[in-house]
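Down below is the structure, laid out as C-alpha cells.
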Amino acid sequence: MKRRLPRTVFPPSERRRRSRIAELAHSRRLLRGTLSVRSLTCGKSNCRCARGDLHVYLYVVQSHDGKPRQLYVPREWEGQVRQAVEDYQELQRLVEGLSELEWQRLIKQKE
Ligand SMILES: [Zn+2]
C-alpha cells in the first residue's frame with residue numbers, strides 16, 4: 001500500500017493565498033518578464049531626437065529556453081502589459097510561498 005501524506009486542512013491564511021492564486025490564474029493575463037524603457041534616436045537629422053528629445057520605447061524582456069528575447073510594447077498596450085507582468089509576479093510569489101509552507105510541513109512530519 002502506498003503511504004500517503006495525511007490529508008491537510010489548510011489554515012485560513014493559506015486558504016486566502018490559494019483562492020488568490022485561483023483568481024489570478026482564472027481571470028488575468030500573465031506574463032513573465034521585465035519591462036525595459038529605452039531612449040533612442042531614430043537617425044533622422046531633422047527629427048526632435050537629434051536635438052536631444054529622444055524617442056522613448058518600452059520593451060518587455062524575458063529569457064526563453066535560456067536565451068533572452070524581447071518584444072516592443074506599443075503605448076496603447078502598456079497598461080495591459082504592465083498589469084500582466086505584475087500579476088505574473090504576484091502569482092509566482094504566492095506559489096513559491098505555498099511551496100515553502102509545504103516544505104515546512106514535510107520537515108515537521110519527519111520529526
Ligand atoms: Zn527621431
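Checked against the criterion of being under 30 Å from residue 4 (Cβ atoms), within 15 Å of the chain's Cα centre (by Cα) and of a type in the set (S, T, N, Q), region 73-92 has at least one qualifying residue.
It is to be established whether one or more residues within region 96-110 are of a type in the set (S, T, N, Q) and surrounded by 14 or more Cβ atoms within 10 Å (Cβ to Cβ). Within region 96-110 (the criterion being of a type in the set (S, T, N, Q) and surrounded by 14 or more Cβ atoms within 10 Å (Cβ to Cβ)), the answer is no, since none of the residues qualifies. Within the set 3, 82, 93, the sole residue that is modelled with pLDDT under 95 and at negative phi turns out to be 3. Looking only at region 30-72, count every residue that is more than 30 Å from residue 17 (Cβ to Cβ) and in contact with a Leu (Cβ under 7 Å, 6 or more places away or on another chain) and tell me the total. Number satisfying all stated conditions: 9. Under the condition of being in contact with a Phe, Trp or Tyr (Cβ under 8 Å, 6 or more places away or on another chain) and either of a type in the set (Val, Ile, Thr) or more than 15 Å from residue 31 (Cβ to Cβ) (or both), the residues counted in region 47-79 number 2. For region 7-48, a residue qualifies if it is in a helix (DSSP H, G or I) and either within 16 Å of the ligand (Cβ to nearest atom) or polar (S, T, N, Q) (or both), and the qualifying residues are 13, 19, 27, 48. Counting residues in region 45-52 that are in contact with a Ser or Thr (Cβ under 7 Å, 6 or more places away or on another chain) and not aromatic (Phe, Trp, Tyr) gives one or more.
Filter region 54-70 down to the residues that are closer than 11 Å to residue 36 by Cβ, surrounded by 14 or more Cβ atoms within 10 Å (Cβ to Cβ) and aliphatic (A, V, I, L, M), then identify the one that is nearest to the ligand (Cβ to nearest atom). The extreme case among them is 58.
Which ones in region 71-82 are assigned to a helix (DSSP H, G or I) and exposed (fewer than 14 other Cβ atoms within 10 Å of the Cβ)? So that I can check it myself, show each step before the final result.
To start, the set of residues in region 71-82 that are assigned to a helix (DSSP H, G or I) comprises 75-82.
Scanning region 71-82 gives 75, 76, 78, 79, 80.
Checked against (1) at pLDDT 95 or above; (2) of a type in the set (D, E, K, R); (3) within 16 Å of the ligand (Cβ to nearest atom), residue 51 passes all but a single condition, namely (1).
The values are calculated or read from the model by the stated rules, or taken from the named source; none is laboratory data. Note that the structure is predicted; figures quoted are calculated from it, not measured. Virtual Cβ from ideal backbone geometry, glycine too; neighbours counted across all protein chains shown.
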